[in-house]
Amino acid sequence: MLSGGTLSKLASISGSSNLFTAPEDKIAYSYDGTPLLQQLPEAVIRPRSAEEVSAIVRLANEDGFSLVARGSGSGLSGGSVPVENSVVVLTNHWNRILEIDEQNLTAWVEPGVITGQLHAAVEAKGLFYPPDPGSAAICTLGGNVAENAGGLRGLKYGVTKDYVLGIEAVLPNGELVKTGGKSVKDVAGYSLKDWLVGSEGTLGIFTRILVRLVPKPETARTMLVFFDRLADSAEAVSAIIAARITPAALEFLDNTTIRCVEEYANLGLPTNLQAVLMIEVDGRKVVVDEDVDRILTICRKHGAGSVSVAQNDEEALRLKSARKVAFAALARIRPTTILEDATVPRSLVAPMLEFIQQVAKKRNLTFGNFGHAGDGNLHPTCLTDERDAREIQEAEAAFAEIYAKAIELGGTITGEHGTGLTKKKFLEQQVGSPAVELMRQIKSVVDPNGILNPGKIFSPRPRCEGPMPRTREQVQKFLDQGAFV
């Protein structure tokens, strides 16, 4: 528990009006988008500048408490859930797009900028920021960078790390570091920005981010393709990729998800079919039209039934909403919705989906499946009730089997949500103990006192006895003793 003296120091840094300690404030920031996880912070602070963040970080080292940076709190792996004896550091109020550089195709943004707002701002200038997480309407760029967020357009355009050119961040010792820049080529020293992207708030607190933009595609076409068999839809996905066609988006929904979406949004979807693919192709019009024809031919060859192709932007938005509302539609069915992101090589989507169905049946659970079929990033979603301890236990066991199968197939336990708190116990199973130990050592060198988001990604080693190390000599002694944080 923080002392009154520490709280007074925090108030003196950012002002008493930016320090929140009331019970209702603590409750509001005690959880994020991840189900079943909650922890009250000791306080919540809203710094007004990078200098204030530096002062807060230095105080955390001096007074021995932890910091958890938070944007919109939309994460799904517990990354912004507070830990014991922690203060939540808000960044969502830093929401300015500082610069859109049309000559260098870049944008400087503050970490609290909503992703969808950046999309709108750059597209108004004929530019394009491709990463588009499902929560783009509410999530922040800072959170996207911390989790290396993906999205529907990942198949063609890649993920957040492919568009981060520079980061300004406060390190765990309170120093402000600026990495990267607008130069297309830059190999001066280690690429520190690449260490920070995807670090889940464990290595620094972002204060500014430089992102890369691309020209906005000339046109786009969207279609829904329906299948009687889930396996046929997965085989169609593999065939599209094998034909050297790269759609901007290649998404799927299974029957459970289709029925939930139709009940929720009334889009006119046939609910008796087992799968639907939402496919979008963008680029030059002549190429887009040709790719649409080729894709439809491939899908029909693999058992596709009815097809809907958007004729204008309004129809395209309606068709895309079938995929966009999938999570919200499923979440209405049961009190607790556990959404995960096991990922496999895209050629193995079909056997992975079959395995998920087998596990759900064996454990008497209801699963909806949807996701980014084009890049193998699946979202098995368990519809359950956290008040039923037995059912939750079965759900946890089911996901353990699913992660193990993903690893067996050469995939990963997380394609875009992050490791956080929910998957750290499976990390070693995927990457091996030497890799996890190396991660711990990196963390211990950068953050010897373990103040930034401790316990996320991997569990800390037991600390050495005695005072926390302050000097370089103390840190080295700490490491020599083998007690990694």
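Things to note:
- Of the residues making up the range 51-82, those that are more than 14 Å from Asn449 (Cβ to Cβ), out of contact with any helix residue (DSSP H, G or I) (no Cβ under 7 Å at 6 or more places or on another chain) and not polar (S, T, N, Q) number 10.
- Just so you know, in the range 322-347 the residues that are among the small types (Gly, Ala, Ser), assigned to a helix (DSSP H, G or I) and in contact with a strand residue (DSSP E or B) (Cβ under 7 Å, 6 or more places away or on another chain) include one that is surrounded by the most Cβ atoms within 10 Å (Cβ to Cβ), and it is Ala326.
- Verdict on Lys178 being basic (Lys, Arg) and either within 12 Å of the chain's Cα centre (by Cα) or not assigned by TED's automatic domain parsing to the domain that holds Asp101 (or both): no
- When Asp25 is tested against (1) in contact (Cβ under 8 Å) with a residue 40 or more places away in the chain; (2) more than 23 Å from the chain's Cα centre (by Cα); (3) within 17 Å of Ser72 (Cα to Cα), exactly one condition is not met: (1).
- Pairs meeting the criteria (first residue in the range 161-187 and at negative phi, second residue of a type in the set (Val, Ile, Thr) and assigned to a loop (DSSP other than H, G, I, E, B), beta carbons under 8 Å, at least 6 apart or on different chains) are Lys161/Val197; Val164/Val197; Ile167/Val197; Pro172/Ile451.
- Among the residues examined, Thr412 does not qualify as surrounded by 24 or more Cβ atoms within 10 Å (Cβ to Cβ), in contact with a Ser or Thr (Cβ under 8 Å, 6 or more places away or on another chain) and among the hydroxyl-bearing types (Ser, Thr, Tyr).
- Residue count, the range 444-462 (criterion: out of contact with any Ser or Thr (no Cβ under 6 Å at 6 or more places or on another chain) and farther than 17 Å from Phe65 by Cβ): 7
- Unmet criterion (only one of (1) assigned by TED's automatic domain parsing to the domain that holds Thr202; (2) free of Cβ contacts under 8 Å to residues at least 40 places away in the same chain; (3) not in a loop (DSSP other than H, G, I, E, B)) for Trp108: (2)
- Residues in the range 114-157 that are free of Cβ contacts under 8 Å to residues at least 40 places away in the same chain and in a loop (DSSP other than H, G, I, E, B) were compared, and the one that is surrounded by the most Cβ atoms within 10 Å (Cβ to Cβ) is Pro131.
- Failed item in (1) within 24 Å of Pro454 (Cα to Cα); (2) surrounded by fewer than 23 Cβ atoms within 10 Å (Cβ to Cβ); (3) touching a residue at least 24 places away in the same chain (Cβ under 8 Å), with His417 passing the rest: (2)
- Screening Ala395, Ala435 for residues that are surrounded by 15 or more Cβ atoms within 10 Å (Cβ to Cβ), part of a helix (DSSP H, G or I) and not assigned by TED's automatic domain parsing to the domain that holds Leu152 leaves exactly one candidate, Ala395.
- Among the residues of the range 57-101, those identified as among the small types (Gly, Ala, Ser) and under 30 Å from Glu340 (Cβ atoms) are Ser66, Ala69, Gly71, Ser72, Gly73, Ser74, Gly75, Ser77, Gly78, Gly79, Ser80, Ser86.
- Sole exception among (1) touching a Gly at 6+ places or on another chain (Cβ under 7 Å); (2) crowded, with 20+ Cβ neighbours inside 10 Å for Asp291, by number: (1)
- Ser49 being more than 19 Å from the chain's Cα centre (by Cα) and either farther than 24 Å from Leu165 by Cβ or in the same structural domain as Arg387 (by TED's automatic domain parsing) (or both): no
The values are calculated or read from the model by the stated rules, or taken from the named source; none is laboratory data. What you see is a predicted model; the values in this text were computed from it and never measured. All Cβ positions, even for glycine, are placed from backbone atoms using ideal geometry, and neighbour counts span all protein chains on display.
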